[in-house]
1. State, in angstrom, two size descriptors of the range 302-385 derived from its alpha carbons: Rg to one decimal place and Dmax to the nearest whole number.
2. At what distance in nm do the modelled label points of residue 563 and residue 431 sit from each other, each positioned 7 Å from its Cα along Cα→Cβ?
3. Okay, helix-only estimate at 222 nm for the chain: each DSSP H run of n ≥ 4 adds -39500 (n - 2.57), divide by all residues, round to 500 deg cm²/dmol; what do you get?
4. What nm distance separates the two modelled labels at residue 216 and residue 630, each placed 7 Å from Cα along Cα→Cβ?
5. Once Rh for the range 155-215 is found with the Kirkwood sum over Cα pairs, what is the Stokes-Einstein diffusion coefficient at 37 °C and 0.692 mPa s, in µm²/s?
6. Could you calculate the contour length gain from residue 16 to residue 506, that is, 0.36 nm times the residue separation minus the distance between their Cα atoms, to one decimal place in nm?
7. Among the aspartates and glutamates, which fall within straight-line cross-link reach of residue 499, defined as a Cα-Cα distance under 12 Å, with same-chain neighbours fewer than 8 residues apart omitted?
8. Using the 10 angstrom Cβ neighbour count as an exposure proxy, how do 408, 121 rank, fewest first?
Amino acid sequence: MKEKYYITTAIAYTSSKPHIGNTYEAILSDSMARFKRLEGYDVRLQTGTDEHGQKIEEKAQAANKTPKEYVDGVAAQIKSIWDLVGVSYDKFIRTTDEYHEKQVQKIFKKLYEQGDIYKGSYEGWYCTPCESFWTESQLKDGKCPDCGREVKKAHEEAYFFRMSKYADRLMKYYEENPDFIIPVSRKNEMVNNFLKPGLQDLCVSRSSFKWGIPVDFDDKHVVYVWLDALTNYITGLGYDVDGNHDALYNEFWPANVHVVGKDIVRFHTIYWPIFLMALGVPLPKQVYGHGWLLQDGGKMSKSKGNVIYADDLVEYFGKDAVRYYVLTAMPQDNDGLISWESVIETINSDLANVLGNLVSRTIAMSNKYFDGVVEDKGAVEPVDAELKDVATACYKKVQAKMDVWKVSDAMEEILNVFRRANKYIDETMPWALAKDESKKDRLATVLYNLTETISIGLALMQPFMPDTCEKAIGMFGLTLRALKDTETFGLTKNTVVTKTPEILFARIDSAKVMEKVNQMIEERQKANAPKQENKPATHDHSEKPQIEFDDFTKIQLKVALVTACEKVEKSKKLLKLTVKLGEETRTVVSGIALAYTPEQLIGKKLVMVTNLKPAKLCGIVSEGMIICAENDEGKLAFLTPEKDIEDGSQVF
């Protein structure tokens, strides 16, 4: 019987379309699932969508839809993107699935009846995007410590879970299972920042909104998102509180690994294990907290205007090129970087120059010199040994890297096989051998060695770029070999390569592609920009009385660089801008939302009054005023320096 391997992604939140940073996790998990299947495991990969919460309720209301209508649309979009990038999931769970909802209600009731959950009230600070409560001391500069957004004062009746009851038991589990959390930096963070200071009881219900799973014995409450969402890992297998589990649960639980972003490691390594302990359910074997895929050094967000989507990347570069980039861009214990330019550069350097060029040259030479027939003539020379050693040693190296989730390092080992094969061509110079009839057997052997090396490399690269590897090996008249067979050189018998090979990866003209990309971005910004209405000016345009020069000198004007911008909730006119003034950073609230989207302002340099007395607008303290021009019809235009000049520069 095959050994079981259960791997899960975090379920994607259905607030909006996922960007490439969200999609990375699904691709990463899929690559491991494919690798384990090739190693002979009976693998189950589960992914899905998290569909409840206050943020969803508000989004649906803004879209004039019911919450269920709203999440149905976004869940379908998420599923289609996962399919587009080739995620081979066995289960796509939704937290609105009837079976999941019923089990969550039963779980909540069981925990309540055994005294782990109690009723109380909550007063603190709430971050809607993160669905998280915070105490005053946990806030960072008065904002959510996780996402940096504004928080709201909240007071409501709620149910709580007694976290501290299980803290010592959880710490013992950490000690007995040193690889439970990887990388180790995440484990240290959990121990030092949360367990050692002491766990506070966790709010597990909400009574201020309705879009959630109802607490069946107290209909004023809905189950709070984390108790709802985390349990998908067992309900998706058919877990039943009463013990009537489906066969899948008995076969695959406990999970081998939960793959999650570093921002939600706390929920998966503290709250989730404690919930399971309370239920008497075995804990997962491992949680891997990967880094973020960042653009321009920052986390992707719509308000920052730096979002890249997977479907756009696939349209320009193809599925496997996108998979290759995101998997190689992210180290095991750090963040990765992405930009349109870096994707193009990587495709050209690694996929076109190394892999594509190697396959193309080998097939072309086999056709030119031997009419496509590849055959080992046994004409061995010392230079062959290193090529064979590099190729046959690769699997063990890849396996060791994959065992500790160093996926980018594993792929680098495989690319080194292709690099070594390209070097072998330069060393053996087949074109020179072809000029000497007495070297014909040697030429045939060289081409055979190249074909065999490529076959090994493609078999190893298969979990990461499945379609490309299938296509490429087919052009050699072969099929992908088993991973264990990559340790043996010489398995290929006589074969015939294709007469009409496809170009696996053509070199990309960066300038041409970036011109199209920038045009696409500009068109989207225009489409999303608020419509400018012709209406009377909102400010007094009458002539002002003359002032003395000393009056003017009281106003301090400086050049401000907009580093972030977002809409102010419950306001149609206000934008919240984060601006940089040299070494200083400030928050400014400006009534220009009808003229500009946040994306249009990020990166712009504006003129700002910096010595205006701070004022609170919609609960946000504004520390200055953006200077704009306005015509009689109310059309706005912000003022910007005529030449580029450092932010913080004085305007006079």
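Just so it is clear, none of the values below were taken in a lab; they were calculated from the coordinates. This is a predicted model, so every value here is computed, not measured. When we count neighbours, we look across all protein chains shown, and the Cβ atoms used for this are built from the backbone with ideal geometry, even at glycine.
1. 19.1, 63
2. Those two pseudo-labels are separated by 5.3 nm.
3. Details: 22 runs with 250 residues, N = 652.
Value at 222 nm, helices only, nearest 500: -11500 deg cm²/dmol.
4. Result for the modelled spin labels: 5.7 nm.
5. Working: Rh = 13.7 Å.
Stokes-Einstein gives a translational diffusion coefficient of 240 µm²/s.
6. Details: separation 490, 0.36 × 490 = 176.40 nm, distance 3.36 nm.
Residue separation times 0.36 nm, minus the Cα-Cα distance, leaves 173.0 nm.
7. Residue 499 reaches 371.
8. Numbers: 408 18, 121 11.
Sorted ascending by nearby Cβ count, the order is 121, 408.
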